[in-house]
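Student: Pasting in a structure now, in structure tokens, and then I'll have a few things to ask.
The values are calculated or read from the model by the stated rules, or taken from the named source; none is laboratory data. Owing to the predicted nature of the structure, the values given are computational and were not obtained by experimental measurement. Positions of Cβ are backbone-derived with ideal geometry, glycine not excepted, and every protein chain shown enters the neighbour counts. Surface areas here come from the heavy atoms of the whole protein model, side chains and all, with no ligands, DNA or RNA. Shrake-Rupley method; radii C 1.70, N 1.55, O 1.52, S 1.80 Å.
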Amino acid sequence: MSVLLEVKGLTMDFGGLRAVDSVGLEVRQGEIVALIGPNGAGKTTFFNCVTGIYTPTGGDVLVHPPGKKTRRINGLKPNVITTTGMARTFQNIRLFPNMTVLENVMIGRHCRTTTNIIGAVLRGKRTRAQERETIEKSYRLLEKVGLAELAGEFANNLPYGAQRRLEIARAMATDPFLLLLDEPAAGMNPQETHELDALIVRIRNEGNMSILLIEHDMKLVMNISDRIYVMEYGKEIAKGTPQEIRNNPKVIEAYLGEEVHA
Amino acid sequence: MQSFKKSVFVALWFMFLTFPLLVVRVNTLKGEVEWRWMNMLWVGIVFFILSYVWRAALERKGQKKANNLDEDGEEILGFRQRLFQDPVIYRKVIAAVLIAAVIFPFVFSSYQINIMVLALIFVVLGLGLNITVGLAGLLDLGYVAFFGIGAYSYALLNTLYGWNFWFCLPIGGLVGALFGVLLGFPILRLRGDYLAIVTLGFGSIAKIVFENWDGLFKGASGIANIERPGFFGLEMSLEQSTIYTYFLMVLMVIFTVFVVNRLKDSRIGRAWMALREDEIACVAMGIDMARTKLSAYAFGAFWAGLAGVIFSARNTYINPNSFTFMESAIVLSIVVLGGMGSIIGVIIAALALILMPEYLRAFADYRMLAFGGIMVLMMIFRPQGLISDVRRKYDLSALQKKKEAKT
Ligand SMILES: Nc1ncnc2c1ncn2[C@@H]1O[C@H](COP(=O)(O)OP(=O)(O)OP(=O)(O)O)[C@@H](O)[C@H]1O
Ligand SMILES: [Mg+2]
């Protein structure tokens, strides 16, 4: 299996605080990889460094897009990184609240479409075809995450769980080979979490996408991950299969021995 | 009852506050104090009524919000919304407006036509600023600078080189857009208050340059003898020319509405809106923020440039006093009053704000007072503007059917 994302010795300092301390991580084709750790461990900061929201203080972030040449993406702008094929969701939901559900997903198509100002004004054949394709693709994604009925609703009118799924659909609209999900189950009830679990696996199997996710819900993580990385205080303290992580004494200590067995 | 009590209290409070001013008067001639109790009574009555009406209005507003949802939680569309969504009503209204616009110059005097041309210029300005502020969410308090730049471009090109109106019209727009990009670059990273200050400064700088660069812009005395818009070299009387400018401006408004409307419902327009909604999510979804911001500034400025060219051709004379902060503020109010992002709202607001003061000259002294009062009332009762932006409905029925066929 080819490696898609390769992070080596990633470090991020905020003033005197080292939020991420030389962390390494790999995601291979077709994998679901989880990144776990207690609150404030630096997981979101790690995501922000990989997706270009922050420029890491040190280390390398290498992407190997399938069929294209390897790229070091440290310090590139977020939109450039998304265009190379990695899309993310946010822990504190960041939808476009006053746009409709469908439009939110259509925004994701922006970097894969080409209409410019003149094309948009003239609205020629090509533009119309592209627009139709954008709408159709976006609608299909909404069907996939189960939001098709709500296509015309404003994003901020959706219930919490639906907003999280909409973020996933929007990220998928950018045609990524790797999806980065930051706590996709946060705030969901057990039923919704269970459905999300199935959805993530389905995305991996049908969508030809690999997934890197941060999650606190141990049941979900243990169920669906191929491999797990554990962080604490910015450092990577363990990595391995769910079975190995479950029995790792360091991890049990970090979690006070409770949640891992949940 | 609650509001009755509160209103009584407000009235008493104002009676107390105004007591020294309106009731007590020391008559220095006779050396005695006059007690004008009647005044106190009037203050009490007036403030009681005002306060009562105010409270009732607020209450109604609250109720409306609660009632607007039917049992499915769907919003019941008000008449205004229906007006702009139902294509049958919509087309009729547009046809009526167009007919009125064609008849207008043959019914009214040239003075009134001239004012209408000015109002239409502000419609174009409003629609232009609506792109920057309403769609892309980038505050711009110096918008009038681009208007001035367009106006001076034509004035100079015409008086110095004799270039004609039609040739200069696109040039004015492009020069405006160019300066839009120039302003955009330094403020790419700014937000909120900082953005407000820098754009405000840009507007002032433009005016100061027009005023003080005597060599080029003729300073405060301005540039005169600018050519009116021509029609294949046809000789026109002043009145004919006014009518001609009017129709030109009507076409210009139609053109602007057409272009802005198409952009709004396109990949570009959606990117602008996404930028307004959430910058970080916007870049994380692959949108180039710098390019999107610059295009929003440039495109907004483009319309100001065009409007500027027409403005100087209509006036045949311009000086820096036409391009003060006041004009920026008016255009911004047009956008806010009309409803951020709403094309029809902006048109109505522009006509109202420019025409009303012209026809209510008697109250000219109170213009700013009324202006401020209206803005405050708007912010309280209709913060979304006169007409809230109607989101485009996408026709998904074909897609939905396909799905049913599959299953
Ligand atoms: N922009 C920032 N500036 C300064 N400190 C920051 C910044 N972002 C994060 N931190 C700090 O870095 C540390 C790691 O935070 P981070 O958000 O990455 O944790 P997390 O693992 O995602 O936690 P959670 O599970 O609560 O989401 C925290 O101590 C946090 O306060
Ligand atoms: Mg986090």
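Student: Mind checking which residues of the stretch A:24-78 are in a loop (DSSP other than H, G, I, E, B), within 16 Å of ligand 2 (Cβ to nearest atom) and open to solvent by less than 30 Å² (accessible area, probe 1.4 Å)?
Tutor: If the condition is that a residue be in a loop (DSSP other than H, G, I, E, B), within 16 Å of ligand 2 (Cβ to nearest atom) and open to solvent by less than 30 Å² (accessible area, probe 1.4 Å), then A:GLY37, A:ALA41, A:GLY42, A:THR51 are the ones that fit.
Student: What number goes with the only condition from (1) within 14 Å of another protein chain (Cβ to nearest Cβ); (2) away from ligand 1 (no atom under 16 Å from the Cβ); (3) of a type in the set (A, V, I, L, M, F, W, C) that A:VAL63 does not pass?
Tutor: The single condition A:VAL63 does not satisfy is (1).
Student: Follow-up question, since we're still on this one. Where in the stretch B:199-284 are there helices (runs of 4 or more DSSP H), lying wholly inside it, with at least 2 residues that are more than 14 Å from chain A (Cβ to nearest Cβ) and open to solvent by 60 Å² or more (accessible area, probe 1.4 Å)?
Tutor: B:214-217, B:238-264
Student: Something else now. Could you look through the stretch B:285-306, keep only residues that are more than 25 Å from the chain's Cα centre (by Cα) and aliphatic (A, V, I, L, M), and pick out the one that is most open to solvent (accessible area, probe 1.4 Å)?
Tutor: B:MET289
Student: Continuing with this model, one more query. Any residue that is facing chain B (nearest Cβ under 10 Å), open to solvent by 10 Å² or more (accessible area, probe 1.4 Å) and in contact with a helix residue (DSSP H, G or I) (Cβ under 7 Å, 6 or more places away or on another chain) - is there at least one of those in the stretch A:154-163?
Tutor: No, the conditions are met nowhere in the stretch A:154-163.
Student: Here is a check on your reading of the model: is A:MET172 more than 21 Å from B:LEU396 (Cβ to Cβ), open to solvent by less than 10 Å² (accessible area, probe 1.4 Å) and in contact with a helix residue (DSSP H, G or I) (Cβ under 8 Å, 6 or more places away or on another chain)?
Tutor: When the stated conditions are applied, A:MET172 does not pass them.
Student: Another question, if that's okay. Can you tell me how many residues within the stretch B:250-278 are acidic (Asp, Glu) and in contact (Cβ under 8 Å) with a residue 24 or more places away in the chain?
Tutor: So the count comes out to 2.
Student: Any residue in the stretch A:30-48 that is within 16 Å of ligand 1 (Cβ to nearest atom), among the hydroxyl-bearing types (Ser, Thr, Tyr) and under 19 Å from the mean Cα position of the chain (by Cα)?
Tutor: Looking for residues that are within 16 Å of ligand 1 (Cβ to nearest atom), among the hydroxyl-bearing types (Ser, Thr, Tyr) and under 19 Å from the mean Cα position of the chain (by Cα), one finds at least one in the stretch A:30-48, hence yes.
Student: Could you list, in sequence order, all residues of the stretch A:38-60 that are within 14 Å of chain B (Cβ to nearest Cβ) and at positive phi?
Tutor: Matches in the stretch A:38-60: A:GLY52 only.
Student: Same structure, new question: Give the number of residues within the stretch A:5-29 that are within 15 Å of ligand 1 (Cβ to nearest atom) and either under 24 Å from A:PRO242 (Cβ atoms) or within 14 Å of chain B (Cβ to nearest Cβ) (or both).
Tutor: Residues flagged as within 15 Å of ligand 1 (Cβ to nearest atom) and either under 24 Å from A:PRO242 (Cβ atoms) or within 14 Å of chain B (Cβ to nearest Cβ) (or both) within the stretch A:5-29 amount to 5.
Student: Condition first: part of a loop (DSSP other than H, G, I, E, B) and under 22 Å from B:ILE208 (Cα atoms). Now tell me which residues in the stretch B:121-179 satisfy that.
Tutor: Within the stretch B:121-179, B:LEU139, B:ASP140, B:LEU141, B:GLY142, B:TYR143 meet the criteria.
Student: Scan the stretch A:117-139 residue by residue and report those that are part of a loop (DSSP other than H, G, I, E, B) and within 7 Å of chain B (Cβ to nearest Cβ).
Tutor: A:ARG123
Student: Among (1) surrounded by fewer than 23 Cβ atoms within 10 Å (Cβ to Cβ); (2) within 16 Å of ligand 2 (Cβ to nearest atom), where does A:ASN116 come up short?
Tutor: Just one mismatch for A:ASN116, condition (2).
Student: Which count do you get for residues in the stretch A:1-23 that are over 28 Å from A:ARG202 (Cα atoms) and either part of a strand (DSSP E or B) or aliphatic (A, V, I, L, M) (or both)?
Tutor: 14
Student: B:ALA284 is checked against (1) over 15 Å from B:GLY180 (Cβ atoms); (2) among the small types (Gly, Ala, Ser); (3) at pLDDT below 95 and fails just one. What number does that condition carry?
Tutor: Every condition holds for B:ALA284 apart from (3).
Student: Something else now. Can you tell me which residue is nearest to the other protein chains (Cβ to nearest Cβ) among those in the stretch A:79-113 that are of a type in the set (Ser, Thr, Tyr), within 18 Å of B:LEU275 (Cβ to Cβ) and open to solvent by less than 40 Å² (accessible area, probe 1.4 Å)?
Tutor: Applying the filter and picking the extreme gives A:THR82.
Student: Something else about it: Give the residue, chosen from A:ALA173, A:ALA238, A:ALA254, that is out of contact with any strand residue (DSSP E or B) (no Cβ under 6 Å at 6 or more places or on another chain) and either away from ligand 2 (no atom under 16 Å from the Cβ) or among the small types (Gly, Ala, Ser) (or both).
Tutor: A:ALA173
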